[in-house]
Amino acid sequence: MSTEKPKVAFYWCSSCGGCEESIIDLAEDLLKVVEAVDIVFWPVALDFKKKDVEAMEDGSIAVGFINGAIRLSEQQEMVELLRRKCQLIVAHGSCSHLGGIPGLGNFWNKETIFNRAYHTTPSTDNPDGVVPLEKTVLEDGKELTLPRFYDTVYTLDQVIDVDYYLPGCAPPRDLIMNAILAILEGKLPPKGSVLSPNKSLCDDCDRNDSKPEKMLMTEIKRPWEILIDPEKCFLAQGIICMGPATRTGCGERCIIGNMPCRGCFGPTDQVYDQGAKFLSALASILDTNDEKEIEKLVDTIVDPAGTFYRFSLPSSILRRKRMEAIK
Amino acid sequence: MSSETFNPKLVGFLCTWCSYTGADLAGTARMTYAPNMRIIRVMCSGRVDPQFVLKAFKEGADGVLISGCHPGDCHYQEGNYNALRRHRLLTKLLEQLGIEKERFRLEWVSAAEGAKFQKVCDEFTEEIKQLGPLNWNGGVNEHREA
């Protein structure tokens, strides 16, 4: 039927639910979307099952929005299924785009994460030391299974082919609406595009004018250590701000809230590795040429890997901590 | 792999003005040194993007060297100081990712120091032999095994 509305699916993997919230936050615009499309799968809001998706014809869904990173075999199975059913796949939000906060799990592996979660957190009450098993055989011989928990967190495009990326933690509503409208009107950019302007956050930042002629950092401060001037560039105040190495389009929500950028939009198209690029930028503005002083200053940067790769570790060049080095 | 049979792969980014010329001198003077270094000539040690270093490790390097002009001697005034600052910060980041600091080295080698380049290559190769292969596994593809 030619008058049939295009079908849309939403799915979540390793994520917090904030990206689902970002769809709800479309508010009255959501009604416009619902008018224009048929939502055929959305586990967080609608009661469709996996078998309903399986029953659909391959390629019959116009677009699937998938948020969250891939950490479990079940998530892999679901996104592979959706890839077959959808003409377009959009990685929705930082976790599916870059790995996101769950991607910080790549500093550990399955064993150390399970040990922490099921044995050593102060709030764990697990006297029998029970841990989840992939297979459990019950007394009556029945077998129960759980999805496999991977050692490594993956971005969506490391598991399936992705057509577009909607960046952000969570993506702002104007970018989501623009993406949906572009898809409905068939005005799509080249495949693989990140649906946000290809320039750095500093380009759009209101504090850009407060930047000194020559930016130099004599000390590194953490946000709680000083009273932050709400008008002045964070880097000029000694606070690490990922703006120079981060794509713009977020609406500077953090900056307006007087907090430095943490990099959730990922890098611009010209950059492979957001963390390495930021490291490069930061090192070049440390205000000393003296070896000992450089080392002292570097010592005050508490967690460079966790800070520079806050949202992008799985999508970085090295992707994770070396397995042999995890104790 | 024992240190007897393990032959480290090393990548060296050498600035064209000092260290590459120094390496050239070691060659023309027919000094012998460990052949493990794959040399990449760059205009300045400050040109070495941290992405290059990460990529080298990912593609199989067991150790990476950046070598430039001595402090104060940079052809571009300050490029080697940028290299120094990046080296110290990147070393810390690499350690967080489980790559030992011994695997990422910064050395100042002037155009006249062929002998120093020889020594750096021999020492670095020996050190990495003791440390063993890096075997970067970052792309672990457990989701592809089934």
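Every number in this text was worked out from the coordinates using simple rules, so none of it is lab data. Given the structure is predicted, the values throughout are model-derived calculations rather than measurements. Here the Cβ positions follow ideal geometry from the backbone for every residue, glycine too, while neighbour counts run over all protein chains shown.
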When the helix-only estimate is applied to the protein assembly as shown (DSSP H runs of n ≥ 4, each -39,500 (n - 2.57), divided by the residue count), what is the mean residue ellipticity at 222 nm, nearest 500 deg cm²/dmol? -9000 deg cm²/dmol
Principal-axis tilt of helix B:19-28 within chain B, Cα atoms, nearest 10 degrees: 80
Taking the beta-carbon count within 10 Å as an exposure proxy, list A:MET242, A:MET177, B:MET37, A:MET217 from fewest neighbours to most. A:MET177, A:MET217, B:MET37, A:MET242
Using Cβ counts within 10 Å as a stand-in for footprinting exposure, how do A:LYS214, A:LYS199, A:LYS49 rank, fewest first? A:LYS214, A:LYS49, A:LYS199
Suppose the chain between A:LYS135 and A:ARG116 were pulled fully straight at 0.36 nm per residue; how much longer would it get relative to their current alpha carbon spacing? 4.7 nm
Equivalent-ellipsoid semi-axes of segment A:201-315, from the Cα gyration tensor, Å, largest first: 21, 18, 13
Gyration tensor (alpha-carbon) shape descriptor, segment A:73-167, a/c threshold 1.5: oblate
Distance from the Cα centre of segment A:172-225 to that of segment A:254-320, in angstrom? 16
Given R₀ = 30 Å, FRET efficiency for A:ILE24-A:THR124 by Cβ-Cβ distance, to 0.05? 0.35
With a 10 Å Cβ neighbour count serving as the proxy for reagent exposure, in which order, fewest first, do B:HIS87, B:HIS143, A:HIS92, A:HIS119 appear? A:HIS119, B:HIS143, B:HIS87, A:HIS92
Students often get this wrong, so check it: of A:LYS292/B:LYS9; A:LYS277/B:LYS101; A:LYS142/A:LYS327, which have C-alpha atoms separated by over 24 Å? A:LYS292/B:LYS9; A:LYS142/A:LYS327
Could you calculate the FRET efficiency of A:ALA36 with B:ALA29 from 1/(1 + (r/R0)^6), where r is the beta carbon distance between them and R0 is 60 Å, rounded to 0.05? 0.20
Long-range Cα-Cα pairs in segment B:10-134 (distance over 23 Å), rounded percent: 25
If the elastic network links every pair of Cα atoms under 10 Å, which of A:ILE294, A:ILE61, A:ILE70 fluctuates the most in the Gaussian network model of chain A? A:ILE294
Taking chain A as a whole, which cysteines find no other cysteine Cβ under 4.7 angstrom from their Cβ? A:CYS13, A:CYS16, A:CYS19, A:CYS86, A:CYS95, A:CYS202, A:CYS205, A:CYS233, A:CYS241, A:CYS250, A:CYS254, A:CYS261
What residues from segment A:1-33 fall in the zone where the backbone N is under 17 Å from a label point 7 Å along the Cα-to-C-beta line of A:ASP52? A:5-12
For the protein assembly as shown, count all C-alpha to C-alpha pairs, find those more than 37 Å apart, and express that count as a whole percent of the total. 37
Within 10 Å of the Cβ of an average residue in A:38-49, the count of other chain Cβ atoms is 0
Mind checking the mean number of beta-carbon atoms from other chains within 10 Å of the Cβ atoms in A:312-324? 6
Would you work out the relative contact order for chain A, in percent, from Cα pairs under 8 angstrom that are 6 or more residues apart? 18
Residues of B:45-58, mean number of Cβ from any other protein chain within 10 Å of their own Cβ, rounded to a whole number? 4
With each pseudo-label sitting 7 Å past Cα toward Cβ, what's the A:ASP174-A:ASN258 distance in nm, one decimal? 2.4
For segment A:110-150: rounded, prolate or oblate by the Cα gyration tensor [a/c cutoff 1.5]: oblate
Inter-probe distance in nm under a simple model that places probes 7 Å from Cα toward Cβ, at A:ILE326 and B:ASN135: 1.5
Can you list the equivalent-ellipsoid semi-axes of segment A:1-149, largest first and in whole Å, using the square root of 5 times each Cα gyration tensor eigenvalue? 34, 20, 14
State, to one decimal in nm, how far the label point of A:LEU188 lies from the label point of A:GLU77, with both points 7 Å from Cα in the Cβ direction. 2.8
Shape of segment B:1-84, Cα gyration tensor, a/c cut at 1.5: oblate
